[in-house]
1. Can you tell me which of 57-68, 14-25, 32-43 comes out highest on packing, and rank the rest after it, using the mean Cβ neighbours within 10 Å?
2. Quick one: helix 11-27 against the long Cα principal axis of the chain, what's the angle to the nearest 10°, folded into 0 to 90?
3. Ignoring any ligand, DNA or RNA, what whole percent of the accessible area of the chain comes from carbon and sulfur when the probe is 1.4 angstrom?
4. On a straight-distance basis, which aspartates and glutamates could pair with Lys8 in a cross-link, Cα separation under 20 angstrom, same-chain partners fewer than 8 positions away excluded?
5. Excluding ligands, DNA and RNA, what is the solvent-accessible area per residue of the chain at a probe of 1.4 Å, expressed in Å²?
6. Working from Cα positions, state the angle (0 to 90°, nearest 10) between the long axis of helix 32-68 and the longest principal axis of the chain.
7. Express in nm, to one decimal, how much length is gained between Val22 and Glu51 on full extension, taking 0.36 nm for each residue of separation and deducting their alpha carbon distance.
8. For the chain, what is the mean residue ellipticity at 222 nm derived from helices alone (per DSSP H run of n ≥ 4: -39500 (n - 2.57); sum divided by total residues; nearest 500 deg cm²/dmol)?
Amino acid sequence: MGTPKEKKLKFADAFSELEKIVDKFEQGEVDLDEGLQKFERGLELAKICKERLKEVENKVVQIKKRFEE
């Protein structure tokens, strides 16, 4: 799904783009073909955000363990 360039997309940028897609759907301004493309892009962005959040969560756990010792 995501390209190597996509993996480097900052969380804030991916989340912002995802919010714009959601707004467009909520406003009902998307036709079927455009909607399908935006839906697919939204899923890609959600995956990037989820992966980045998981990385941060793992890092926090590692830091906490280091300071608990």
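1. On the way: 57-68: 9.1, 14-25: 14.9, 32-43: 12.3.
Top of the packing list down: 14-25, 32-43, 57-68.
2. 30 degrees
3. Details: 3310 of 5970 Å².
Its accessible area is 56 percent carbon and sulfur atoms.
4. In chain and number order, the partners are Glu17, Glu19, Glu40, Glu44, Glu51, Glu55, Glu57.
5. Numbers: 5970 Å² over 69 residues.
Ligands and nucleic acids excluded, the figure is 86 Å² per residue.
6. Helix 32-68 sits roughly 10 degrees off the main axis of the chain.
7. Values: separation 29, 0.36 × 29 = 10.44 nm, distance 1.96 nm.
Between Val22 and Glu51, full extension yields an extra 8.5 nm.
8. Details: 3 runs with 58 residues, N = 69.
After summing the helix terms and dividing by residue count, I get -29000 deg cm²/dmol.
The values are calculated or read from the model by the stated rules, or taken from the named source; none is laboratory data. The structure presented is a predicted model; accordingly, all values stated were derived computationally and were not measured. When we count neighbours, we look across all protein chains shown, and the Cβ atoms used for this are built from the backbone with ideal geometry, even at glycine. For the accessible areas, the whole protein counts, side chains as well, though only heavy atoms, and no ligand, DNA or RNA atoms are used. Shrake-Rupley method; radii C 1.70, N 1.55, O 1.52, S 1.80 Å.
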